[in-house]
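Undergrad: Sharing a structure here in structure tokens format.
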Amino acid sequence: MEWHRAGVVLMVLGGAIFVLGLLLACGLRLPLGRLPGDIVVERQNFRLHIPITTCLLISAVASALLLLSRLLKK
């Protein structure tokens, strides 16, 4: 691998880690896990969370990012 390409890869990884850190820092304000469509069953000694809508949202965002990265490589 050329040094120039390695530097670009490291910058992209650093940017991704930075964005992930921002999302985690602001994560308390994001309603992930409490979106409409997420199933929550609460009983006396039992709690079950099935975050269907949250999983679909995360999957759609990840797919869009991967598609965007493929389009930018061409």
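Each reported figure results from applying straightforward, stated rules to the coordinates on display, with no laboratory input. All values reported here derive from a predicted model rather than from experimental measurement. Note that we place each Cβ from the backbone using ideal geometry, even for glycine, and neighbour counts take in every protein chain shown.
Undergrad: Please give the length that would be gained between Leu57 and Leu32 if that part of the chain were fully extended, namely 0.36 nm times their separation in residues minus their C-alpha to C-alpha distance (nm, one decimal).
TA: 8.1 nm
Undergrad: Hey, another quick one. Summing -39500 (n - 2.57) over the DSSP H runs of n ≥ 4 in the chain and dividing by its residue number, what mean residue ellipticity at 222 nm do you reach, to the nearest 500 deg cm²/dmol?
TA: -21500 deg cm²/dmol
Undergrad: Here is a follow-up. I want to make sure I understand the PRE zone here: with the label point 7 angstrom from the Cα of Leu66 toward its beta carbon, which residues in the range 37-60 have backbone N atoms less than 12 Å away?
TA: Counting only backbone N, you get 59-60.
Undergrad: Right, next: Under the definition of Cα pairs under 8 Å and six or more residues apart, what whole-number percent is the relative contact order of the chain?
TA: Dividing the mean separation by the residue count of the chain yields 18 percent.
Undergrad: Suppose every Lys and Arg Cβ carries +1 and every Asp and Glu Cβ carries -1, with no other charges. What dipole size does the chain come out with about its Cα centre, to the nearest 20 debye?
TA: I would put it at about 120 debye.
Undergrad: Would you mind telling me which residue in Val12, Val61, Val40 has the biggest mean-square fluctuation in a Gaussian network model of the chain, where springs connect alpha carbons within a distance under 10 angstrom?
TA: Evaluated over the chain, the most mobile residue of the options is Val12.
Undergrad: I'd like the orientation of helix 3-25 relative to the chain: the angle between its Cα long axis and the longest Cα principal axis, in ° from 0 to 90, rounded to 10.
TA: 20 degrees
Undergrad: Among Gly33, Leu68, Ile52, whose Cα projects farthest towards the positive end of the dipole of the range 31-74, with charges put on the beta-carbon of Lys, Arg (+1) and Asp, Glu (-1)?
TA: Most positive-ward Cα: Leu68.
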